[in-house]
Amino acid sequence: MKYTVITGASSGIGYETAKLLAGKGKSLVLVARRTSELEKLRDEVKQISPDSDVNLKSVDLADNQNVHDLYEGLKELDIETWINNAGFGDFDLVQDIELGKIEKMLRLNIEALTILSSLFVRDYHDVDGTTLVNISSAGGYRIVPNAVTYCATKFYVSAYTEGLAQELQKGGAKLRAKVLAPAATETEFADRSRGEAGFDYSKNVKKYHTAAEMAGFLHQLIESDAIVGIVDGETYEFELRGPLFNYAG
């Protein structure tokens, strides 16, 4: 049995991606901090696909030891797709940021993603049909005012994943690496970034996608030959394309 691992699965894009893949009969490893939300998702997945195996992993990936323990605990599984979706943002001037929050964001958005990507590439680089997807942001290709530090973490994700994808291709690896770059998406992202609940996308954002729409785009990316799936920040059209950063190799 082959599995898809989704981090940050308790809400938003991760949650909807799990349901979409369940509809295609996939077995899943769902990773997030909130056990209750994971259990709710498992129940929905089993309703969609009773034959799908679902493993829940309640873990805070902002702790590097937890990151290593998570991966080690999945060594017995045959993983075909790994989706690093866990992450959060911050909307503040650099002079006003709360350093504890930023340190956690750096650990989750950059360190956890890099560790998990590296471990997966090490074990699966020569396995047919395997895919690594890292979730970046439109803010990983353009700097958004009041979100400089967050955008910098996502520039890292974009550059790292694009570079990795080309490294794998040039080395003849069978594993594919891809990066998804959503623009505004109706999830809990705004609430967590602002530190308060109740953000209404319909009243505050001119254009946005639903999490279910972004899950559909993610699936298109996985099924395509593209390296980058990106939402145009002006038109909000989704594009599948090659790398945007230069690879000097």
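The values are calculated or read from the model by the stated rules, or taken from the named source; none is laboratory data. What you see is a predicted model, and the numbers here were worked out from it, not measured in a lab. Here Cβ is always computed from backbone atoms with ideal geometry, including for glycine, and neighbour counts include all displayed protein chains. These accessible areas exclude ligands, DNA and RNA; they are computed on the full protein's heavy atoms, side chains included. Shrake-Rupley method; radii C 1.70, N 1.55, O 1.52, S 1.80 Å.
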**Item:** Candidate residues T4, T149: accessible-area rank, largest first, probe 1.4 Å
**Value:** T149, T4
**Message:** Less than 14 Å apart at the alpha-carbon level, and either on another chain or at least 8 residues along: which aspartates and glutamates does that give for K170?
**Reply:** D126, E162
**Prompt:** GNM on the chain, C-alpha springs below 10 Å: top fluctuator among L164, L132, L93?
**Reply:** L93
**Message:** Along its three principal axes, how long is the range 32-124 when you only count alpha carbons? Whole Å, largest extent first please.
**Reply:** 51, 32, 18
**Prompt:** Can you name the helices of the chain, as whole DSSP H runs, whose Cα span along the helix axis is 24 Å or more and whose Kyte-Doolittle mean is not below -1.0?
**Reply:** 148-170
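Between D78 and F245, 0.36 nm times their residue separation minus their Cα-Cα distance comes to what?
Between D78 and F245, full extension yields an extra 56.9 nm.
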**Request:** Take the alpha carbon gyration tensor of the chain, find the square roots of its eigenvalues, order them as a ≥ b ≥ c, and report rounded if a/c is under 1.5; if not, report prolate when a/b exceeds b/c, else oblate.
**Result:** rounded
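For a quick check of your reading of the filter: which GluC sites (Glu not before Pro) in the range 1-94 sit in a DSSP loop and have no more than 11 other Cβ atoms within 10 Å?
Numbers: sites: E16, E37, E39, E44, E72, E76, E80; in loops: E76.
Listed in order of number, the matching sites are E76.
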**20 Å Cα-Cα threshold exceeded, pairs from K40/K207; K154/K178; K101/K207; K26/K75** = K40/K207; K101/K207
